[in-house]
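In what follows, a single structure is set out as structure tokens and then discussed.
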Amino acid sequence: MLRDKEKFKYLFIDRIETMYGISMEESTDIEKYIALSSLVKDHIYRNWVNTQKRYNDADAKEMYYFSIEFLPGKQLGKNLINLGLKSICNKALNDLDIKLEDLEIIENDPALGSGGLGRLGSAFLDSLAAGEYPGNGCSIRYKYGLFKQKIIDGEQVEVLDNWLEHGNVWEVRKPNKAVEVKFYGDIDFEEIDGEMKIDHINYETVLAVPYDMPVTGYKNETVNTLRLFNAEPIEDIDYTLLSGKETKLALDYEKSVKGISDSLYPDDSNYEGKILRLKQQYFLVSAGLQTIFKRFINKGGKVSDIPNKLAIHINDTHPSLAIPELMRLLMDENGLGWDEAWSIVIKTISYTNHTILPEALEKWNIGMFGEVLPRIYMIVEEIDKRFKMVLIEEYGSDSSKVKDMAILDEDQIHMAHLAIIGSYSVNGVAAIHTEILKTKVMSNFYEFFPEKFNNKTNGITHRRWLLKSNPSLTKLVTESIGDKWIKNPEELSNLMKFKDDSSFKEKLMKSKKENKILLGNVIKDKYGILVDEESIFDVHVKRMHEYKRQLLNAFNIMDMYFRIKDNPDLDVVPRTFMFGGKAAPGYFMAKRVINLINTMAEVINNDKDIKDKIKIIFLDGYDVTLAERIFPATDVSEQISTASKEASGTGNMKFMLNGALTIGTLDGANIEIQEAVGDDNFFKFGLTVEEVLKYYDSGGYDAWEVYNNNYNLKRVIDSLIDGSMFGAKDKFKVIYDTLLHHNDQYFVLEDFEEYKRAQGEVDKKFRDKSAWYKSSIINIANAGKFSSDRTIKEYVDDIWNIREVSK
Ligand code: 26Q
């Protein structure tokens, strides 16, 4: 129906009329967006029913990916592409004098995540659907997503993200599938027919109502599900019937319930033991597992068959309460004994670790945990007790390993330990990260359970990050090697044959320039700043964090500025430095760095002596949609974390796929990118993981010494506090102090000179366009490995053991 232009037009107009009772001419863009999406949605829902039937008929094993965050990005454009309807839709709308892009931008990004971990979850769902695998996501339907970022007077200001303001066309509420999640209360034991039964009493119930979002596969009519739970009071409260005291209690209850799915915690890589976070985590796993369980039993599944029919994956430790919750469901609600239940759990649950930062490893206070989740606490205690017994048997009761590997340690519950003990697979997200887990952070566990540990290097969906967001490069690639790469990204390697082809290079250069102009227009409209598309677009976008070292980048820019001031004729290729990323609202240092970048931009952009050789733009409100405009327009990708700190990184892969060259440390997946493209096509610099870990283990680093022995570096650091650059002397003193008085934990000073050298090489290479675009081609051609299709295939084969169910 939608494949014929005239019918498309008719249905679109008809949809506006029947939804809103107005003519198309009278309708607003929001109404047009909703009507169009609802048409597309109808199509998807039919495929959804068929896909689920197909899976049921095949009695296929299903995987559920539990994640406290997802970052799906806008759905309309992606769905049109996946259904093969984009071009007909464009044509139909053109006839009606409507631009598809104008409607696409109306959709709000579902900001249900804050960074890499959430975006990875969404990439995985895309690749699962593309591969026709029965794999679904489970998360929370946060009413407010991650805050929107505004920059006012150079400082980050957080604004509420009301992503549901126009509703959400794609979702469907499933009240009949709602389940109850219980908090607080007491646990009683009752003997019934000679058997001990658990009785949870005086609890507070929260209703978890599923909202399902369809996840479409690429041109394969497959539709999987992202299930998001909304927290609601168990029943509507009729306040007219309540006394004053009861009203207060009821209001308190309502508030506490709704709070659970109210908003996403904005932190990343920083653990805070807040009660609401704990409630969110349990809410997610209890609701998710209960609905999965019910569906499984309704289909006639046998409990003992769970490991063959269901795989439950936990994305970091945030959903690790799935382990005791599955125990509870099996024992308390299905009458299994401990051993039988445990053997099912450890064949069903698998876990991915995303960080080795000590401050990000979750540990809950036992007192609080026991009060909020009394039954779950009992189960965790029992898991811990039994595991300790096994350890004592293995290592003896006086071995330090018994304490080091325990789940319960004094007053804390160590969630990563619970996750490792309760799952059959533990994976890191890049080769080096997995190695660090095995040999350092989790070495005791690796020794005890070597078979559980494995690596799954992250990936990105090349369909969003190239096919959807970079039409001009897509056209060039497809003209050159055909379109097989869309389904099989490894085919991109066929581009290697163009690495010395000057006509291909010309075209690639032209495509890059077009994309730079498009981004330049956004910058001009938004900030009133003119950028030169002939300059190097050098981009650093990711969450603001000390370990990601936006500061190192800023220092190099400051140094470049001072050198041009010294010598206005200094021969440098003009650069446009762009930054983007949100800081956690409570992360003082990260916010100071945002302010430093903006203050520096103000000074440098307006300094006539610089003659536009440097432009600095802080792109506020970095999100999936803005990212889609940035990656295609980038020449240089900044991946400069302190070695060992970035588990993988995925932005690095998106830049590579769009032909940017990386300046980077040998950290996370940068290492694999560097290996894939070779030394000539990657600007590497800085301390290695080994060197960094050695400093941490044995000391020997002296920031003062580095500072005192480098004139240029000293000049930059001093300018933070002497008023020479920024006027005020106190604002950035905290940065100065962290670097010198706290001995620069992230080795910004140590890596400065090497970074500067690497940036010099970038400058040199950019002057030779033929060499530059050769490297660019080599990057694109080798990006196939970093598609999430490859990653998902590895999870499917090595961990989940699910099978594709084709039509
Ligand atoms: C925890 C509890 C409750 C609410 C939120 C959180 C929370 C949320 C997000 C804690 C941490 C995060 C985010 C972590 C993250 O994004 N890590 C990144 O994961 C990427 C995918 O594997 C890697 O590429 C990055 O290296 C890693 O930093």
Counting just the residues of the range 228-253 that are under 26 Å from LEU112 (Cα atoms) and open to solvent by less than 40 Å² (accessible area, probe 1.4 Å), which one comes out farthest from the ligand (Cβ to nearest atom)?
PRO233
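From ASP97, ASP102, ASP109, which residue is more than 18 Å from SER37 (Cβ to Cβ), charged (D, E, K, R) and either surrounded by fewer than 24 Cβ atoms within 10 Å (Cβ to Cβ) or more than 16 Å from the ligand (Cβ to nearest atom) (or both)?
Details: ASP102 fails: more than 18 Å from SER37 (Cβ to Cβ); ASP109 fails: more than 18 Å from SER37 (Cβ to Cβ).
Criteria check complete, one pass: ASP97.
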Could you tell me which numbered condition ILE260 fails, if it satisfies all but one of (1) farther than 30 Å from GLY337 by Cα; (2) away from the ligand (no atom under 16 Å from the Cβ); (3) of a type outside the set (Asp, Glu)?
(2)
So which residues in the range 411-447 are within 23 Å of TRP364 (Cβ to Cβ) and either more than 15 Å from the ligand (Cβ to nearest atom) or open to solvent by 10 Å² or more (accessible area, probe 1.4 Å) (or both), if there are any at all?
ASP411, GLN412, HIS414, HIS417, ILE420, ILE421, GLY422, SER423, VAL441, MET442, ASN444, PHE445
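Out of curiosity, is SER256 over 19 Å from the mean Cα position of the chain (by Cα), over 19 Å from ASN353 (Cβ atoms), crowded, with 22+ Cβ neighbours inside 10 Å and not aromatic (Phe, Trp, Tyr)?
The answer is no for SER256.
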The range 130-145, subset open to solvent by less than 20 Å² (accessible area, probe 1.4 Å) and within 17 Å of ILE312 (Cα to Cα), residue farthest from the ligand (Cβ to nearest atom):
PRO134
Quick test of your reading of the structure: SER787 fulfils all but one of (1) open to solvent by less than 20 Å² (accessible area, probe 1.4 Å); (2) without any contact (Cβ under 8 Å) to a residue 24 or more places away in the chain. Name the failing condition by number.
(2)
Considering only residues that are in contact with a Phe, Trp or Tyr (Cβ under 8 Å, 6 or more places away or on another chain) and at pLDDT below 95, look in the range 270-312 and name the one that is farthest from PHE229 (Cα to Cα).
ASN270
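Scanning the range 370-389 for residues that are open to solvent by 60 Å² or more (accessible area, probe 1.4 Å) and charged (D, E, K, R), which turns out nearest to PHE448 (Cα to Cα)?
Quick first cut of the range 370-389, residues open to solvent by 60 Å² or more (accessible area, probe 1.4 Å) only: 371, 381, 385-386, 389.
Now restrict to residues that are charged (D, E, K, R): 371, 381, 385-386.
Values: GLU371: 32, GLU381: 20, LYS385: 17, ARG386: 15 Å.
Here the residue is ARG386.
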Within 25 Å of PHE453 (Cβ to Cβ) and either part of a helix (DSSP H, G or I) or among the β-branched types (Val, Ile, Thr) (or both), is that true of ASP268?
no
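Using the structure shown, decide if TYR351 is among the aromatic types (Phe, Trp, Tyr) and more than 30 Å from ASP59 (Cα to Cα). Can you show your working first?
Working: among the aromatic types (Phe, Trp, Tyr): yes; more than 30 Å from ASP59 (Cα to Cα): no.
It is false that TYR351 is among the aromatic types (Phe, Trp, Tyr) and more than 30 Å from ASP59 (Cα to Cα).
Could you grab me the full set of residues in the range 523-549 that are of a type in the set (Ser, Thr, Tyr) and under 22 Å from ALA758 (Cβ atoms)? Steps first, answer last, please.
Step one: of the range 523-549, the residues of a type in the set (Ser, Thr, Tyr) are 527, 535, 547.
Answer for the range 523-549, where residues must be of a type in the set (Ser, Thr, Tyr) and under 22 Å from ALA758 (Cβ atoms): SER535, TYR547.
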Taking first residues from the range 135-159 that are without any contact (Cβ under 8 Å) to a residue 12 or more places away in the chain and second residues anywhere that are assigned to a strand (DSSP E or B) and aliphatic (A, V, I, L, M), the pairs with Cβ under 8 Å that are 6 or more apart or on different chains are VAL157/ILE151
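Could you tell me whether ASN670 is touching a strand residue (DSSP E or B) at 6+ places or on another chain (Cβ under 8 Å) and surrounded by 24 or more Cβ atoms within 10 Å (Cβ to Cβ)?
Working: touching a strand residue (DSSP E or B) at 6+ places or on another chain (Cβ under 8 Å): yes; surrounded by 24 or more Cβ atoms within 10 Å (Cβ to Cβ): yes.
Yes.
Consider the range 206-219. How many of its residues are at negative phi and open to solvent by 20 Å² or more (accessible area, probe 1.4 Å)? Reasoning before the result, please.
Initial filter on the range 206-219 (at negative phi): 206-218.
Retained after the next criterion (residues that are open to solvent by 20 Å² or more (accessible area, probe 1.4 Å)): 207, 211, 218.
The qualifying residues number 3.
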Would you please name the residue that is farthest from the ligand (Cβ to nearest atom), looking only at residues in the range 341-369 that are open to solvent by 20 Å² or more (accessible area, probe 1.4 Å) and of a type in the set (Gly, Ala, Ser)?
SER343
Filter result for SER641 (polar (S, T, N, Q), within 30 Å of ASP532 (Cβ to Cβ) and assigned to a loop (DSSP other than H, G, I, E, B))
yes
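Take the conditions polar (S, T, N, Q), modelled with pLDDT of 95 or more and more than 30 Å from LEU326 (Cβ to Cβ) and apply them to SER67. Does it pass?
Values: polar (S, T, N, Q): yes; modelled with pLDDT of 95 or more: yes; more than 30 Å from LEU326 (Cβ to Cβ): no.
Taking the combined requirement at face value, the residue does not satisfy it.
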Among the residues of the range 685-742 satisfying the criterion of being in a loop (DSSP other than H, G, I, E, B), surrounded by 19 or more Cβ atoms within 10 Å (Cβ to Cβ) and not hydrophobic (A, V, I, L, M, F, W, C), which is nearest to the chain's Cα centre (by Cα)?
GLY686
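The values are calculated or read from the model by the stated rules, or taken from the named source; none is laboratory data. As the structure is a computational prediction, the values presented were derived from the model and not from experiment. FYI the Cβ positions are ideal-geometry reconstructions off the backbone, even for glycines, and counts take in every protein chain you see. Heads up: the accessible areas ignore ligands, DNA and RNA and are worked out on the full protein's heavy atoms, side chains in. Shrake-Rupley method; radii C 1.70, N 1.55, O 1.52, S 1.80 Å.
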